[in-house]
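The values are calculated or read from the model by the stated rules, or taken from the named source; none is laboratory data. This structure is a prediction, so every number in the text was calculated from the model and none was measured. Cβ coordinates were reconstructed from backbone atoms using ideal geometry, including for glycine residues, and neighbour counts include every protein chain displayed.
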C-alpha cells in the first residue's frame with residue numbers, strides 16, 4: 001500500500017504520545033505469537049522494517065487512533081469534494097463566527113450534507129480569506145463535526161479553533177508539547193499561530209469535508 005509510510009509515521013507518533021507498548025501494537029496488527037518477544041518483533045516488522053499495512057490493519061489503526069481510514073491514508077486529501085447527499089445541516093455563516101454551541105437565530109440556512117455518515121453534530125461554515133489555500137478556497141463551504149472535550153487530535157487535523165474568546169479561525173492542528181499548540185495555515189504566506197496557554201484554546205470542531213461554491 002503506497003500510503004504505508006504515512007500510516008507508519010502517524011502510528012509511531014501516536015504510540016509515543018500515548019505510550020502504547022509494542023506488544024499491544026503487535027496484537028493490533030495481527031500477531032499470532034503467544035510471546036512478548038514474538039508480538040514485539042511482529043510490530044517492529046511494520047514500524048522499523050517498513051512492511052506494508054493491509055487494509056484490515058489500517059482499519060484497526062484508525063480505530064485505535066480515533067480517526068477515519070480516509071484521514072489516516074490521505075490526510076487532507078479526504079477533504080476533496082464528494083457529491084452524494086445524505087441529509088441537511090445548518091450553515092452558521094463565516095468561520096470567524098463559529099461556536100461550539102449555537103442557537104436557531106445563528107442559522108443562515110439549511111444545506112445539503114454531501115458526505116457519507118451521520119450528520120448529527122455536523123454544521124457548515126463559509127471559508128473567508130486565503131490562509132488555507134490551495135486546499136480550501138475563499139467562499140468554500142466546510143463541514144465541521146462538533147468537537148468533544150478531551151479528545152486527542154492527530155497532528156495535521158484541520159480544525160476550527162477559537163483562542164481566548166476571539167474570532168474562530170481555520171487552521172491545521174499540531175501539538176508540539178502538552179502545553180504548546182501550533183495552528184498552521186496551508187498558505188505559507190500566512191504565519192502560524194502559537195498557543196502557549198492551552199487553557200485559552202477551544203477546538204470548536206474538526207473539518208470533515210468541503211464543497212467548492214462556483
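Please verify whether the stretch 187-194 includes one or more residues that are in contact with a helix residue (DSSP H, G or I) (Cβ under 8 Å, 6 or more places away or on another chain), more than 21 Å from residue 62 (Cβ to Cβ) and touching a residue at least 24 places away in the same chain (Cβ under 8 Å). The answer is no; no qualifying residue exists. The single condition among (1) assigned to a helix (DSSP H, G or I); (2) within 19 Å of residue 71 (Cα to Cα) that residue 53 does not meet is (1).
Of all positions in the stretch 201-213, none carries a residue that is in contact (Cβ under 8 Å) with a residue 24 or more places away in the chain and more than 23 Å from residue 123 (Cβ to Cβ).
When only residues in the stretch 155-166 that are part of a strand (DSSP E or B) and touching a residue at least 60 places away in the same chain (Cβ under 8 Å) count, which is nearest to residue 93 (Cα to Cα)?
Residue satisfying both the conditions and the ranking: 160.
Yes or no, residue by residue, for (1) under 26 Å from residue 174 (Cα atoms); (2) modelled with pLDDT of 85 or more; (3) touching a strand residue (DSSP E or B) at 6+ places or on another chain (Cβ under 6 Å); (4) not assigned by TED's automatic domain parsing to the domain that holds residue 178:
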| site | (1), (2), (3), (4) |
| --- | --- |
| 10 | yes, yes, no, yes |
| 14 | yes, no, no, yes |
| 20 | yes, yes, no, yes |
| 34 | no, yes, no, yes |
| 49 | no, no, no, yes |
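Evaluate the following for residue 105: is it modelled with pLDDT of 85 or more and surrounded by fewer than 15 Cβ atoms within 10 Å (Cβ to Cβ)? No; evaluated as a whole, the condition is false for this residue.
Tell me whether the stretch 87-95 contains one or more residues that are modelled with pLDDT under 80 and surrounded by fewer than 18 Cβ atoms within 10 Å (Cβ to Cβ). Yes, the stretch 87-95 contains at least one residue that is modelled with pLDDT under 80 and surrounded by fewer than 18 Cβ atoms within 10 Å (Cβ to Cβ). Selection of the stretch 1-42 for residues being in contact (Cβ under 8 Å) with a residue 60 or more places away in the chain and under 12 Å from residue 64 (Cβ atoms) yields 7, 10, 14, 18. For the stretch 167-192, filtering for residues that are assigned to a strand (DSSP E or B) and surrounded by fewer than 16 Cβ atoms within 10 Å (Cβ to Cβ) leaves 4.
What's the total number of residues in the stretch 130-150 that are more than 11 Å from the chain's Cα centre (by Cα), within 26 Å of residue 197 (Cα to Cα) and either in a loop (DSSP other than H, G, I, E, B) or in contact (Cβ under 8 Å) with a residue 60 or more places away in the chain (or both)? Can you show your working first?
Quick first cut of the stretch 130-150, residues more than 11 Å from the chain's Cα centre (by Cα) only: 130-143, 146, 148-150.
From the residues that got through so far, the ones that are within 26 Å of residue 197 (Cα to Cα) too are 131-132, 146, 148-150.
When the remaining residues are screened for being either in a loop (DSSP other than H, G, I, E, B) or in contact (Cβ under 8 Å) with a residue 60 or more places away in the chain (or both), the result is 131-132, 148-150.
Qualifying residue count, the stretch 130-150: 5.
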